[in-house]
Amino acid sequence: MSTAAEHLLDWLRDAHAMEQQAEKMLSNMAERLEHYPALRHQIELHMEETHAQRQLLKGCLERLGHTPSTTKDITGRLMAFGQSVTGMAMSDEVVKGTLSSYVFEQMEIATYTILIAAAEAAGDIETQRICELILPQEIAMATWLSEHMPEITFAFLSRDADPEAIAKR
Ligand code: MG
Ligand code: FE
């Protein structure tokens, strides 16, 4: 049996690992994208937000007397998923990357929704406030991706049909 505060701490660590992975994924994707400037720009904007989110989570952990545990961060169960995105060598990597990024944002939305409830249950008002600040950023990124998916798909398909153009990234 564990207290709400203990679960909150554990989940904050998971969230920190998730954001660490998000930073890696986003930067890999932004670096590779050449022919999709709007997507690349949006990813770069969210990279900055993601970096700030990770700092905020680190602050929450430190306030509770803990530092983000690097062992857990590195062996996190979210890793396998991220690697499927970062090791992109697929001929349709822009489409797969968009899809995976959207799925990742949904995981982040769920993570912060759970953290907000857990922080409330544990009476940790500061952590609750911070997670309530981050959640809308994840929702906004998921919404942007979802709204731009058709456009990215059309652009990919048209570039892929053109023997002169590079479509994949
Ligand atoms: Mg995030
Ligand atoms: Fe995000």
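Please treat every number below as a calculation from the coordinates, not as lab data. Computed from a predicted model, the values in this text were never measured in an experiment. All Cβ positions, glycine included, derive from the backbone under ideal geometry; neighbour counts span all protein chains shown.
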Answer yes or no as to whether Leu9 is assigned to a helix (DSSP H, G or I) and touching a helix residue (DSSP H, G or I) at 6+ places or on another chain (Cβ under 6 Å). no
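Per-residue answers, yes or no, for (1) assigned to a helix (DSSP H, G or I); (2) within 18 Å of Leu61 (Cα to Cα):
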{"site": "Ile116", "(1), (2)": "yes, yes"}
{"site": "Glu132", "(1), (2)": "yes, yes"}
{"site": "Trp144", "(1), (2)": "yes, no"}
{"site": "Glu164", "(1), (2)": "no, no"}
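Output the number of residues of segment 125-138 satisfying the condition of being within 16 Å of ligand 2 (Cβ to nearest atom), of a type in the set (A, V, I, L, M, F, W, C) and surrounded by fewer than 16 Cβ atoms within 10 Å (Cβ to Cβ). Outline the logic, then answer.
So the first thing to find is which residues in segment 125-138 are within 16 Å of ligand 2 (Cβ to nearest atom), and the list is 130-138.
Applying the additional criterion that residues be of a type in the set (A, V, I, L, M, F, W, C) yields 130-131, 133-135.
With surrounded by fewer than 16 Cβ atoms within 10 Å (Cβ to Cβ) added as a condition, the list becomes 133.
Adding up the residues that qualify gives 1.
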Filter pass, Ala122 being out of contact with any helix residue (DSSP H, G or I) (no Cβ under 9 Å at 6 or more places or on another chain) and either surrounded by 22 or more Cβ atoms within 10 Å (Cβ to Cβ) or of a type outside the set (Ser, Thr, Tyr) (or both): no
Which of the residues belonging to segment 92-143 are closer than 25 Å to Ala30 by Cα, away from ligand 1 (no atom under 11 Å from the Cβ) and charged (D, E, K, R)? Asp92, Glu93, Lys96
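Could you tell me whether Met141 is surrounded by fewer than 18 Cβ atoms within 10 Å (Cβ to Cβ), touching a helix residue (DSSP H, G or I) at 6+ places or on another chain (Cβ under 7 Å) and not small (Gly, Ala, Ser)?
When the stated conditions are applied, Met141 does not pass them.
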Out of segment 101-119, which residues are within 15 Å of the chain's Cα centre (by Cα), in contact (Cβ under 8 Å) with a residue 60 or more places away in the chain and surrounded by fewer than 20 Cβ atoms within 10 Å (Cβ to Cβ)? Met107
Restricting segment 144-169 to residues that are in contact (Cβ under 8 Å) with a residue 12 or more places away in the chain and of a type in the set (A, V, I, L, M), the one surrounded by the most Cβ atoms within 10 Å (Cβ to Cβ) turns out to be Leu145
